[in-house]
Amino acid sequence: MSEKNILINNINVFAEETAASKAVAMQIKQAIEEKQSLGQPIILGLATGNTPKLVYHELVNMHKNEGLSFENVITFNLDEYYPMAPSHQLSYHNFMNMHLFSQVNILPENIHIPHGQWKAEELIEKCEDYERKIQELGGIDIQLLGIGRNGHIGFNEPGSTSDTRTRLIDLHEITRNDAAADFEGLHNVPYQAITMGIQTIMSAKKILLLALGDRKSVIIHKALTGEITANVPASYLRILPQIEFVLDAEAAVLINT
Ligand code: GLP
């Protein structure tokens with residue numbers, strides 16, 4: 001099979017963002033329930049940013065209205081700013097609590113997020129621990145991803161190679177600029193972050209990359225049709241059998257599906 005065929009088979013385009021987000025939430029729900037019927041936990045890799053907000057909203061609705069339980073759900077978040085206090089309004093800890101964790105019945109001990117206050121001298125060990133925990137649980141069943149306008153996944157900025165694992169990384173100028181409005185000024189945006197690596201992400205059994213809106217159309221086109229390169233970290237994903245790109249029509253506008 002040619003690379004192009006693989007690529008096309010793994011793209012799912014929806015007319016608008018709500019339908020795309022609902023489809024992702026539905027896949028996650030089905031996977032949670034499948035594991036529940038087997039009496040097993042499910043390991044979810046979770047993302048932050050604007051893109052997954054509707055997915056989390058749907059999952060919360062499914063919990064409240066359809067009885068979806070999160071008791072067997074174990075989560076590992078992709079990344080966190082560094083340094084960053086978990087209590088900070090813009091921390092990814094706070095984001096996840098607000099949009100998902102505080103609204104469902106997940107057990108607090110099942111939540112894992114890189115800590116923005118890990119001590120510098122312990123960072124390498126803590127990052128290795130994070131990886132070890134994922135592996136000891138049997139790996140990530142479903143990894144939810146967004147995409148940065150420079151092609152980053154998690155905070156794997158351009159230059160991140162396919163063998164990278166959880167680590168501290170310097171944030172790219174585009175990434176810091178994109179976060180500037182939320183932080184009320186570029187000078188307030190952290191310069192670094194802790195992120196799962198490309199290898200960590202690629203080891204997931206299923207990967208759902210969600211991209212919404214026309215501001216993602218250029219990078220989606222590049223990641224799906226350009227060179228597979230560390231300069232566009234998301235490009236590594238498209239040759240994986242377990243990837244699914246879930247797009248709305250605006251994000252997909254430059255690709256022929
Ligand atoms: C941040 C996150 C990424 C996310 C990206 C895109 O950099 N670390 O995980 O995919 O932003 O964000 P948005 O979905 O808001 O466009």
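The values are calculated or read from the model by the stated rules, or taken from the named source; none is laboratory data. All of these numbers come straight from a predicted model, not from anything done at the bench. Here the Cβ positions follow ideal geometry from the backbone for every residue, glycine too, while neighbour counts run over all protein chains shown. Only protein heavy atoms, including side chains, enter the accessible area calculation; ligands, DNA and RNA are left aside. Shrake-Rupley method; radii C 1.70, N 1.55, O 1.52, S 1.80 Å.
Descriptive notes on the structure:
- If you go through region 68-83 and pick out every residue that is within 18 Å of N156 (Cβ to Cβ) and either of a type in the set (S, T, N, Q) or open to solvent by less than 10 Å² (accessible area, probe 1.4 Å) (or both), you end up with 5.
- Single unsatisfied condition, I169 versus (1) in a strand (DSSP E or B); (2) open to solvent by less than 60 Å² (accessible area, probe 1.4 Å); (3) touching a residue at least 40 places away in the same chain (Cβ under 8 Å); (4) closer than 26 Å to H88 by Cβ: (3)
- Condition met for D129 (surrounded by fewer than 16 Cβ atoms within 10 Å (Cβ to Cβ), of a type outside the set (A, V, I, L, M, F, W, C) and in a helix (DSSP H, G or I)): yes
- In region 172-223, the residues that are of a type outside the set (G, A, S), near the ligand (Cβ under 10 Å from one of its atoms), farther than 22 Å from N256 by Cβ and surrounded by fewer than 22 Cβ atoms within 10 Å (Cβ to Cβ): H172, I174, T175, R176, D178, D182
- In region 224-239, the residues that are open to solvent by 30 Å² or more (accessible area, probe 1.4 Å), under 14 Å from M202 (Cβ atoms) and part of a loop (DSSP other than H, G, I, E, B): I228
- Filtered residues of region 9-45 (kept if over 22 Å from F101 (Cβ atoms) and in contact (Cβ under 8 Å) with a residue 40 or more places away in the chain): N10, I11, N12, V13, F14, A15, E16, E17, A19, A20, A23
- Within region 30-61, considering residues that are more than 16 Å from the ligand (Cβ to nearest atom), open to solvent by 10 Å² or more (accessible area, probe 1.4 Å) and closer than 18 Å to I243 by Cα, the one farthest from the chain's Cα centre (by Cα): Q30
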